1. Could you give me the residue pairs with C-beta distances under 8 Å whose first residue belongs to segment 165-183 and is within 14 Å of GLU304 (Cβ to Cβ), whose second residue is among the aromatic types (Phe, Trp, Tyr) wherever it lies, and which are 6+ apart or on separate chains?
2. Within segment 320-356, track down each residue that is farther than 14 Å from VAL23 by Cβ, crowded, with 21+ Cβ neighbours inside 10 Å, out of contact with any Cys (no Cβ under 8 Å at 6 or more places or on another chain) and of a type in the set (A, V, I, L, M).
3. Please state which one of THR101, THR126 is among the hydroxyl-bearing types (Ser, Thr, Tyr), surrounded by 14 or more Cβ atoms within 10 Å (Cβ to Cβ) and within 30 Å of ILE303 (Cβ to Cβ).
4. Out of THR192, THR156, report the one residue that is hydroxyl-bearing (Ser, Thr, Tyr), without any contact (Cβ under 8 Å) to a residue 24 or more places away in the chain and closer than 21 Å to HIS257 by Cβ.
5. Hey, among the residues in segment 32-54 that are buried (at least 17 other Cβ atoms within 10 Å of the Cβ) and hydrophobic (A, V, I, L, M, F, W, C), which one's modelled with the highest pLDDT?
6. What pairs come up if the first residue lies in segment 124-139 and is closer than 16 Å to ALA337 by Cβ, the second is among the hydroxyl-bearing types (Ser, Thr, Tyr) and surrounded by 14 or more Cβ atoms within 10 Å (Cβ to Cβ), and their beta carbons are under 8 Å apart, counting only those six or more places apart or on different chains?
7. At pLDDT 95 or above and among the acidic types (Asp, Glu): which single residue out of GLU203, GLU213, GLU246, GLU262 fits that description?
Amino acid sequence: MLDRKFIIENVDRIKKNCADRGVRCDVDRLVELEAERRKKLQSVEEANRKANDVAKMIGKAKDATERESMKEEGRRLREQKEAAQAEHDRLDAEARAVQATIPNLTHADAPIGGEKDSREIRRGVTAVRKLDFKPLDHVTLGEKLGLVDFEAGGRTTGHGFYFLKNDAVLLDLALQRYALDTLIKEGFTLTTTPDLARNEILEGIGFNPRGPETQVYSIENSDLSLVGTAEITLGGMYFNETLEAEQLPIKLCGISHCFRTEAGAHGQATRGLYRVHQFTKVEMFAYTLPDDSDRVHEQLLGIECKIFDGLGIPYRVIDTASGDLGGPAYRKFDLEAWMPGRGEAGEFGEVTSASNCTDYQSRRLNIRFRKKGEKGTQFVHTLNGTAVAISRALIAVLENYQQADGSILVPEALRPWMGKDRIAAL
């Protein structure tokens with residue numbers, strides 16, 4: 001979240017930013033609550049000071065009657081302090097709830113507006129392939145080649161679940177290994193992360209684990225939820241920790257299953273693997289010094305481009321508009337891969353994103369750093385980026401590498417792990 005003092009001192013700027021993002025936030029209410037909280041804090045401190053003064057005087061009482069009177073006055077002041085403290089804590093909690101709804105600031109270069117205002121800033125090195133046959137979508141290809149079984153997934157678990165089969169399993173693992181090898185060379189520490197996290201970690205990252213619009217599967221009778229991305233667990237690794245400036249940047253890679261309810265999802269984009277309730281993802285996460293986060297953000301984007309350029313997949317890079325950023329992101333870049341089987345003539349579909357969240361998440365999670373020779377601590381900046389989301393990468397590979405005879409060429413970068421150069425019908 002944003003610093004409360006900063007919000008109070010920059011009300012007009014915060015209101016404009018909320019409007020640019022299309023988010024309704026009661027900034028004025030926060031200002032009122034904070035003023036009331038400060039007054040109540042003064043009452044707490046004053047009652048506490050008086051109670052301490054009385055306590056010091058008890059030993060100097062002239063007689064038992066005066067001593068008992070002082071004790072009674074001390075008890076009254078302590079009760080007054082506790083009542084004021086309780087009211088202060090209530091006001092603080094209400095103010096924090098409002099504060100938590102206020103989104104991050106927006107990078108000056110990010111487009112202002114909704115999804116239609118997002119701006120294409122570059123294309124990948126691979127051009128869209130001109131086909132001399134009508135392309136099939138990944139669902140049809142998967143059925144014909146025995147790669148994906150949606151019906152079995154529906155029978156065992158429900159709509160939005162699936163079985164990968166045969167060469168699709170090898171392709172899944174090959175994509176993971178390809179991404180990992182790329183990240184090893186970029187200096188990332190590899191991890192596999194828990195598929196569950198405590199709700200306070202989800203909330204710290206910016207996910208809502210409860211409520212009708214949540215995208216999160218929660219575990220009944222516990223404070224745990226299934227993660228929708230390893231961003232949650234990687235971001236929670238240093239919860240309540242203070243790092244040394246010399247440790248930064250910390251670059252982590254996490255492999256995890258991802259679980260999302262996809263509440264409200266509709267349209268053709270829900271067909272097949274594009275919006276599913278479970279998938280595997282290789283996620284990048286970085287902790288940086290504040291002055292380094294813009295540079296590292298560009299690095300994460302560069303790695304995503306490198307991965308999809310290496311796969312030979314056509315894509316475009318989108319600078320996401322303010323109204324489509326999501327609360328924690330200061331700026332976000334999306335990679336949209338060309339999917340020839342989508343729509344009447346093919347369409348771009350999002351396959352990765354890279355976000356700079358500045359200190360929005362670290363302030364919630366209390367992750368700080370200190371510099372040698374300097375007093376105090378500061379909040380780190382956090383960033384995240386998708387190396388590869390397997391389900392959507394599968395769509396891009398299957399549809400772009402399909403051949404007129406119905407087979408699928410295996411991208412050259414994946415052949416060492418696939419052990420073959422073509423996927424054909426069994």
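The values are calculated or read from the model by the stated rules, or taken from the named source; none is laboratory data. Note that the coordinates shown come from a computational prediction; the quantities given were computed from them, not determined experimentally. Note: ideal-geometry Cβ built from the backbone for every residue, glycine included; neighbour counts use all protein chains shown. Surface areas here come from the heavy atoms of the whole protein model, side chains and all, with no ligands, DNA or RNA. Shrake-Rupley method; radii C 1.70, N 1.55, O 1.52, S 1.80 Å.
1. Taking only residues 6 or more apart or on different chains, the pairs are TYR178/TRP417.
2. Passing the criteria: ALA337, MET339, VAL351, ALA354.
3. Criteria check complete, one pass: THR126.
4. Answer to the selection: THR156.
5. LEU33
6. GLY124/TYR315; THR126/TYR315
7. GLU246
So that you can scan it fast, the table gives a plain yes or no per residue for (1) within 32 Å of the chain's Cα centre (by Cα); (2) not in a helix (DSSP H, G or I):
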site	(1), (2)
PHE6	yes, no
ILE14	yes, no
ALA19	yes, no
VAL23	yes, yes
SER43	no, no
ASN48	no, no
ASN52	no, no
ALA55	no, no
